[in-house]
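Read the structure below first, then the notes.
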Amino acid sequence: MSDHTWPSPDEAYASAPHIDDELDWLNRDANDAYDEDLDRDWYLRNAAVLDRIALGQPTSERACPDEAEATAVLLLDLDQAPRGFDARAYVRQQYALWARNK
């Protein structure tokens, strides 16, 4: 995917685990590490799960679009990607690339 190919949420998250399972993994990993020990995969997966929750995918958790946007911008900054990108679309693109290559 080029920098401007933004997959739809359905395309990006087609192989994603159930949101509750992903949240369990994120919480376990965060509890086992200090913030400085969390890697890019953790931040990407966190941004992706908040995006999915904000999109209304089924889960017992809630996230507002502002929270998903702020977390997506954090990933943009972590990756040193241009702030002109649609941050949530960037998360979807990066998640799709990550899922394909994991």
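Quick rundown of the values:
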{"quantity": "Residue that is farthest from residue 80 (Cα to Cα), among those in region 2-27 that are in a loop (DSSP other than H, G, I, E, B) and at pLDDT below 90", "calculated": "5"}
{"quantity": "Qualifying residue in region 36-53 (condition: among the small types (Gly, Ala, Ser), surrounded by 14 or more Cβ atoms within 10 Å (Cβ to Cβ) and at pLDDT below 95)", "calculated": "no"}
{"quantity": "Residue match in region 41-55 (condition: free of Cβ contacts under 8 Å to residues at least 24 places away in the same chain, assigned to a helix (DSSP H, G or I) and in contact with a Leu (Cβ under 9 Å, 6 or more places away or on another chain))", "calculated": "yes"}
{"quantity": "Top-ranked residue in region 64-101 [being in contact with a helix residue (DSSP H, G or I) (Cβ under 9 Å, 6 or more places away or on another chain) and assigned to a loop (DSSP other than H, G, I, E, B); ranked as most open to solvent (accessible area, probe 1.4 Å)]", "calculated": "83"}
{"quantity": "Residues of region 60-102 classified as small (Gly, Ala, Ser), touching a residue at least 24 places away in the same chain (Cβ under 8 Å) and under 19 Å from residue 21 (Cα atoms), total", "calculated": "3"}
{"quantity": "Selection status of residue 30, part of a helix (DSSP H, G or I) and either β-branched (Val, Ile, Thr) or surrounded by 16 or more Cβ atoms within 10 Å (Cβ to Cβ) (or both)", "calculated": "no"}
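The values are calculated or read from the model by the stated rules, or taken from the named source; none is laboratory data. Since the structure is predicted, the reported quantities are computational estimates derived from the model, not experimental observations. When we count neighbours, we look across all protein chains shown, and the Cβ atoms used for this are built from the backbone with ideal geometry, even at glycine. Note: areas computed on protein heavy atoms with side chains; ligands, DNA, RNA excluded. Shrake-Rupley method; radii C 1.70, N 1.55, O 1.52, S 1.80 Å.
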